[in-house]
Amino acid sequence: DGGAVGRVSGVPEKGINLDVALRVQALLEEAGADVVMTRTGDYALCDENPPIRKKLQDMQRRAALIRQGGAGVVLSIHMNEYAGRSQSGPQVFYREGCPAGRLLAGAIQSAMIAGLSPARKREALGGDYYILTLGVPSVLVECGFLSNPDEERRLATPAHQKKIAATLAAVLAGFVHSGI
């Protein structure tokens with residue numbers, strides 16, 4: 001599942017997600033963190049013909065990697081898409097009922113607004129996403145909209161990806177070191 005696709009460039013979300021994730025990994029490891037990645041290349045974690053939906057098997061296997069790795073925090077990186085082209089700005093989601101996840105999501109949302117200066121300043125929201133249900137503070141970060149031509153252009157550039165990664169890594173490093 002390549003995810004959202006840029007309306008102008010046709011670039012799939014999955015490549016930008018991975019670029020940002022690898023940059024976050026490098027920055028966090030540089031700061032002394034142990035990072036568990038659920039993918040480091042262009043592949044899915046499902047069988048060719050699984051007995052269940054491919055996406056479900058992929059998510060179950062990602063969850064298993066996270067649990068096996070002993071993750072204290074989960075960060076799921078994505079690019080957003082909407083039917084209209086006017087939507088923009090990063091959006092962070094957390095699991096309802098997880099105070100530490102809510103705090104992390106709020107910190108990331110604020111940092112993304114401060115660091116990226118988006119035209120639309122969103123608030124972190126509770127969400128019901130599978131990856132947020134793993135029993136540790138978890139956030140799903142939609143870094144911007146590939147359906148917005150201006151934002152798509154920025155999201156596809158290494159400079160902007162580096163800025164996103166630096167913002168995410170700084171918040172995560174502070175969150176982990178604070179012991180929350």
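The values are calculated or read from the model by the stated rules, or taken from the named source; none is laboratory data. Just so you know, these numbers come straight off a predicted model, no measurement behind them. Backbone-built Cβ (ideal geometry, glycine too); neighbour counts: all protein chains shown. Ligands, DNA and RNA are excluded from the accessible area calculation, which covers all protein heavy atoms including side chains. Shrake-Rupley method; radii C 1.70, N 1.55, O 1.52, S 1.80 Å.
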With +1 on the Cβ of every Lys and Arg and -1 on the Cβ of every Asp and Glu, the dipole magnitude of the chain about its Cα centre, in debye rounded to the nearest 20, is 240 debye
Per the 1/(1 + (r/R0)^6) rule, R0 = 25 Å and r from the Cβ atoms of GLU29 and LEU134, FRET efficiency to 0.05 is 0.75
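Once neighbouring chains are kept in place and the probe is 1.4 Å, which whole percent of the accessible area of the range 59-180 is contributed by carbon and sulfur?
Taking all protein chains in place, the range 59-180 shows 54 percent carbon and sulfur surface.
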Candidate span helices, the chain: DSSP H, at least 18 Å along axis from Cα coords, Kyte-Doolittle average at least 0.0, result 13-30, 99-116, 158-178
Projected convex hull area of the chain, Cα atoms, direction-averaged, in nm², equals 10.1 nm²
For the range 1-84, the per residue accessible area (1.4 Å probe, Å²) is 58 Å²
Low-density loop GluC sites (Glu not before Pro), the range 1-49, at most 15 other Cβ within 10 Å, DSSP non-H/G/I/E/B, are GLU48
